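Enquirer: First the structure, which I've put down as structure tokens, then a few questions once you've had a look.
Quick note: the coordinates plus some simple rules give every number you see, no bench work behind them. Since this is a predicted model, take the numbers as computed values, not measurements. Positions of Cβ are backbone-derived with ideal geometry, glycine not excepted, and every protein chain shown enters the neighbour counts.
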């Protein structure tokens, strides 16, 4: 087993090689409530300790999605950083946020979600303040997640799963096709201007004035 460590101002990442599936699952159980994100790709395991900055952006994007879907009466199922994994492919990943939107009726009220039986979430949100050691895109593709939002602290990028199993950047979201992604970036850029309560209220007002009117 080999180990690589990267430390930056925002977060720490550890990369372990030669890790068995059984060890991965044991670590998942041990670290379930510790806040560490685990990414597993056929023997390679990345452990990421998110910074406060990272978690702030993840929570803010989650507030935006929650506010928007509430105001527009869009049913969703929030699955947070639920571990998406399949032993068959020996891959697993934990998004910062994940959601069922189109498939929400298929999982409504369920407490025992599993990818062996249920569809994957329709949307995964990845905050990427530092560079990951493991490329998560092939893992998400293997698990069938149709859409990923990447946010690096300045730009929000939407990627959609293609028929060839790769992701391609898209100007629009499939989960929320009416949503102007550039406007979401603008609101995120304006976060430092005021307190969060005022900021999310302004976002809510924009949803009511602009998005609700057109639906």
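Enquirer: When the chain is fully extended, how far beyond the present Cα-Cα distance does residue 163 get from residue 90, taking 0.36 nm per residue of separation?
Expert: Contour length minus Cα-Cα distance gives 24.1 nm.
Enquirer: Still on this structure: Can you give me the distance in nm between label points at residue 42 and residue 152, each placed 7 Å from the Cα along the Cα-to-Cβ direction?
Expert: Here the modelled spin labels are 2.6 nm apart.
Enquirer: Taking the chain as the reference, fit the longest principal axis to its C-alpha atoms, fit the long axis of helix 21-30 to the helix C-alpha atoms, and give the angle between the two in degrees, 0 to 90, nearest 10.
Expert: Compared with the principal axis, the helix lies near 60 degrees.
Enquirer: Calculate for the chain the 222 nm mean residue ellipticity that helices alone would give, adding -39,500 (n - 2.57) per DSSP H run of length 4 or more and normalising by residue count, nearest 500 deg cm²/dmol.
Expert: After summing the helix terms and dividing by the residues of the chain, the value is -8500 deg cm²/dmol.
Enquirer: Assuming R0 = 45 Å, what is the FRET efficiency of residue 197 and residue 112, from their Cβ-Cβ distance, to the nearest 0.05?
Expert: 0.80
Enquirer: For segment 121-215, what percent of Cα pairs sit more than 17 Å apart?
Expert: That tail contains 58 percent of the Cα-Cα pairs.
Enquirer: Would you mind ranking 54, 150 so that the residue whose beta carbon has the fewest other beta carbons within 10 Å leads the list?
Expert: 150, 54
Enquirer: Label-point separation (nm) for residue 21 and residue 174, each offset 7 Å from Cα along Cα-to-Cβ?
Expert: Those two pseudo-labels are separated by 2.6 nm.
Enquirer: May I ask for the angle, rounded to the nearest 10°, between helix 196-206 and the longest principal axis of the chain, with both axes built from Cα atoms and the value confined to 0 to 90°?
Expert: 60 degrees
Enquirer: In whole Å, how far is the Cα centre of segment 170-215 from that of segment 65-92?
Expert: Measuring centre to centre over Cα atoms gives 19 Å.
Enquirer: Enter the angle in degrees (range 0 to 90, nearest 10) between the Cα long axis of helix 52-71 and the first principal axis of the Cα atoms of the chain, meaning the one along which they spread out most.
Expert: 50 degrees
Enquirer: Another one. Using Cα-Cα distances under 8 Å and only pairs 6 or more residues apart, what relative contact order does the chain have, in percent?
Expert: Reported as a whole number, the value is 15 percent.
Enquirer: Under the definition of Cα pairs under 8 Å and six or more residues apart, what whole-number percent is the relative contact order of segment 93-136?
Expert: Once divided by the residue count of segment 93-136, the mean separation gives 54 percent.
Enquirer: Give me 167, 140 ranked fewest to most by other Cβ atoms within 10 Å of their Cβ, as a rough exposure proxy.
Expert: 167, 140
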